1. Only one residue in LEU176, LEU169 is away from ligand 2 (no atom under 16 Å from the Cβ), over 23 Å from the mean Cα position of the chain (by Cα), surrounded by fewer than 20 Cβ atoms within 10 Å (Cβ to Cβ) and part of a helix (DSSP H, G or I), so which one is that?
2. Look through region 482-493, keep the residues that are part of a loop (DSSP other than H, G, I, E, B) and loosely packed, with under 13 Cβ neighbours inside 10 Å, and return whichever of them is nearest to ligand 2 (Cβ to nearest atom).
3. Is it the case that some residue within region 322-339 is touching an Asp or Glu at 6+ places or on another chain (Cβ under 7 Å) and among the polar types (S, T, N, Q)?
4. Out of ASP466, ASP367, ASP406, ASP441, I need the residue that is over 26 Å from LYS66 (Cβ atoms) and buried (at least 16 other Cβ atoms within 10 Å of the Cβ). Which one?
5. Working carefully through the options SER426, SER408, SER372, find the one that is in contact with an Asp or Glu (Cβ under 7 Å, 6 or more places away or on another chain) and among the small types (Gly, Ala, Ser).
6. Does region 216-249 hold any residues that are within 16 Å of ligand 2 (Cβ to nearest atom) and part of a loop (DSSP other than H, G, I, E, B), and which are they?
7. Would you call THR459 assigned to a strand (DSSP E or B) and within 12 Å of ligand 3 (Cβ to nearest atom)?
8. Go through region 428-458 and give me each residue that's under 24 Å from PHE91 (Cβ atoms), among the small types (Gly, Ala, Ser) and touching a Gly at 6+ places or on another chain (Cβ under 9 Å).
Amino acid sequence: MEIICPIDAKYSDQIARFLAPSDRQEYFEQLIATRKCTGIKVKHDSDHGKGVYADSEFQEGDLVLKDQMLFGVQHSSNKIDCFVCGFCYRFISSIEHQIGRKLYLQNLGVSTNHECDQGTTSSSAVANDWNGSDLSDDEANSDTVDCQNFGECASSNTVKIPLPMEVVLSLMHEELVLPYSEKFSQPSVIPCRGGCNEGCYCSKLCMEADWEMFHSLLCTGTELKSRRKEALLAFIEHANETNDIFLLAGKAIVSTILNYRKLKAAKLKQKEKSVCSEVSVDCDCHMLLEAWKPISMGFKRRWWDCIALPDDVDSCDEAAFRMQIKQLAYTSLKLLKEAIFDKECELLFSLDIYGSLIGMFELNNLDLVVASPVEDYFLYINELPESEKKKAEQVTKPFLNALGDDYSVCCQGTAFFPLQSCMNHSCLPNAKAFKREEDRDGQATIIAVRTIRKGEEITISYIDEDLPFEERQASLADYGFSCRCPKCSEEQQ
Ligand SMILES: [Zn+2]
Ligand SMILES: [Zn+2]
Ligand SMILES: [Zn+2]
């Protein structure tokens, strides 16, 4: 059975233009300038497309690049553990609120899911999600049952000793103050101006930026008409249940629509001013293409073509599996369309475009990881001089016991970084994604792992570079190339 999306048929020529690879030099120069990372350059060559090159020398451990994400999302399961800004992913509110909130949700029986995967490109994240979707449903159910009995989740090694709800609530509402917590306080919470419960920010700046770029079309607050609100909630729920990368694709579509409206408003204004009405506003497709520009730079393949076949799927079922993935994307797209459809931007709701966006995230995304101040707090208490420690622990110990092993869960999600995504792969990389102590928000940090000379290409590893040659080549085939790095060339012989 073939899936037919009417928009793909209607706009096939234009869609091809949207999906054609685009490498505009000035776009990258602008990005490098705004990120103040003067030590690098994006260059193109006919052999392997674009790449990032050193424009000055880096020593081992030097920061090569700090990249601001274009689109990011916190994993839905992680939202229980970590309360972070919805735009920059910095932790917000007090230590008391962080701990109280988590224990409150834990007491309510909301399930959690823990893995703290630092750094590497999450090539197989989607495949894992797909693989894990049934599994995590089971887990969710069993956790719910466990937690009804106040928190003894089977997933952790030490038994959690639950606290009475009134203690948890007074901590969450900051009526109860923990010793030394003021040293670890985070920005206070700025709510979404649309009045939804989802959007919480570290600053008015983040709130406004998110509103302008994404959230004004994704807010489920009170201002929204109920039909759209229901549709939006259905889209979000579907993504949470199947694959939260759909939320990222939704953000990409939404940001293009909002960009387009901004460009159009500017053009209309210009037209009002000019007497001889030379400025035309008819060429909407051109303007839409301009609004799409940041996304046009990312390397894309359709999700159902590039997704790695999970180990438990037999190769003779491959076609059926890929069709199922395509169907899943189409279901998500239809839900999104119901929620945010805009007639002038109709072609963005093509399945080809949606699938290519998800594929772009699949092939380029980095794990989004932000370390938790709650972990720092408990480490600090643990390292206090003996007498102070004893005194502090009389207050903190019950909370640590209630949290169990999960006290130090970091913020986790997935994000697309425009400059980092230009970095090519090597199994002998000279740089890697690595969060330092001071990196406390969702930006990507790329660090040199050895000396990089001026003019040398900066490479990272998309996969576990310690795997045997055949496994590396198989993993990299999903990215559409076979690696010819020095390590692979040597091992091939
Ligand atoms: Zn923020
Ligand atoms: Zn909102
Ligand atoms: Zn290689």
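The values are calculated or read from the model by the stated rules, or taken from the named source; none is laboratory data. Since this is a predicted model, take the numbers as computed values, not measurements. Here the Cβ positions follow ideal geometry from the backbone for every residue, glycine too, while neighbour counts run over all protein chains shown.
1. Working: LEU176 fails: part of a helix (DSSP H, G or I).
Matching residue, one of LEU176, LEU169: LEU169.
2. Checked region 482-493; the qualifying residue nearest to ligand 2 (Cβ to nearest atom) is SER482.
3. Within region 322-339, not a single residue is touching an Asp or Glu at 6+ places or on another chain (Cβ under 7 Å) and among the polar types (S, T, N, Q).
4. Details: ASP466 fails: buried (at least 16 other Cβ atoms within 10 Å of the Cβ); ASP367 fails: over 26 Å from LYS66 (Cβ atoms); ASP441 fails: over 26 Å from LYS66 (Cβ atoms).
Going through ASP466, ASP367, ASP406, ASP441 in turn, just one is over 26 Å from LYS66 (Cβ atoms) and buried (at least 16 other Cβ atoms within 10 Å of the Cβ): ASP406.
5. None of the other options fit; the residue is SER408.
6. Correct list: CYS219, THR220, GLY221, THR222, GLU223, LEU224, LYS225.
7. yes
8. ALA433, GLY442
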